[in-house]
Structure formats: structure tokens, C-alpha cells
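What follows is calculated from the coordinates using simple rules that are stated; it is not laboratory data. Since this is a predicted model, take the numbers as computed values, not measurements.
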Amino acid sequence: MIDVFLLLGSNLGNRQLLLQQAIAHIGGRVAPVIKVSPVYETQSWGKTNLPDYLNQVIMLQTTLTAKQVLDRVLAIETELGRKREEKWGSRTIDIDILFYGDAVINQPDLVVPHPQLHHRRFTLEPLGMIAPDLIHPVLNKTILDLKNNLNDNLIVKKL
């Protein structure tokens, strides 16, 4: 079994319900959800004039490949109304693979660990709640260390 960490985000529609629906779909079609972080409300990152997001990190344990996990979460995003119209645009649901065990994957359609996670408070706050001692396999630092040395000043508050 491989530990997989996913970041969920929503800034359109009933954000709380969309996170819950995403978790239910993931649990039923990808793998059982082992850990769930608190939900955080966060300012939009990249395009700061958009509505605030709700973000949450979940941990799964699976025998699926990283590509299979990706394909399934992309299908779930589509079913929950995700439209890919602009980079960093608003979305009903966004599901990112943060970590797939300690694998380092660099393919055109899949990069793991997520290449921006160590720059983003909205990722490190919830991830730090469920896996503070997890070691980033490229940076060789714990999630807690990355969070404590972060330069991102966007407001991220636990609901």
C-alpha cells in the first residue's frame, strides 16, 4: 500500500459540499480515505482577485499507480463540474496529487511531489495537520520545516 496525499480546493458553488462530495467519490473510486485535515479558508493564489477557496488535504492508501490515481481524480473533478478555462481560474473542485509515497515522478501530465507545494501556505497548513513529519523526497525537509520557513503571506484560516 502506498500513502497518497491529495489537496482538495473549491472556490465556486457550495464549497463545503463539493469538498465532501469529492472525498466521498475518492473514497469509493480511488482508495479509502485514511486521514482528513481540517478545512481552511484561503485567499486565492496566483490570481488574487478571485473568491476565497476552501482547502483540505486527505491521505489515502492505495495499490493503484500514480497515473491511475490521476486519471480517477480528474474524472471526479469533471463530474463535479470542473471546467479548465484558465490557469489559476476559479473552480468548483480541484484535486492535486501532492505526494505518491516517496516517489519522484516527472512526466508531461504528472509531476510528483507537486512542484509548488513548498511555496503555498494553503497546502502546507492542512498537510501539516495530518503529516507534519512527512519528509519531502526532493527537498529532504519535513512538512513542518517547510511550513515554518514559508514566505507565502496569504491569509489561511482554519474553519
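Separation of the alpha carbons by more than 26 angstrom is noted, of K35/K67; K83/K141; K35/K157; K35/K158, for K83/K141. Applying D = kT/(6 pi eta Rh) to region 30-84, where Rh is the Kirkwood radius over alpha-carbon pairs, T corresponds to 37 °C and eta to 0.692 mPa s, the Stokes-Einstein value obtained is 246 µm²/s.
Long hydrophobic helices in the chain: the complete DSSP H runs spanning 18 Å or more by Cα along their own axis with mean Kyte-Doolittle hydropathy of at least 0.0 are 15-29, 66-79. Mind running the shape call on region 41-159? Use the C-alpha gyration tensor, a ≥ b ≥ c as the square roots of the eigenvalues: rounded below 1.5 for a/c, prolate if a/b tops b/c, oblate otherwise. Note, shape of region 41-159 comes out oblate.
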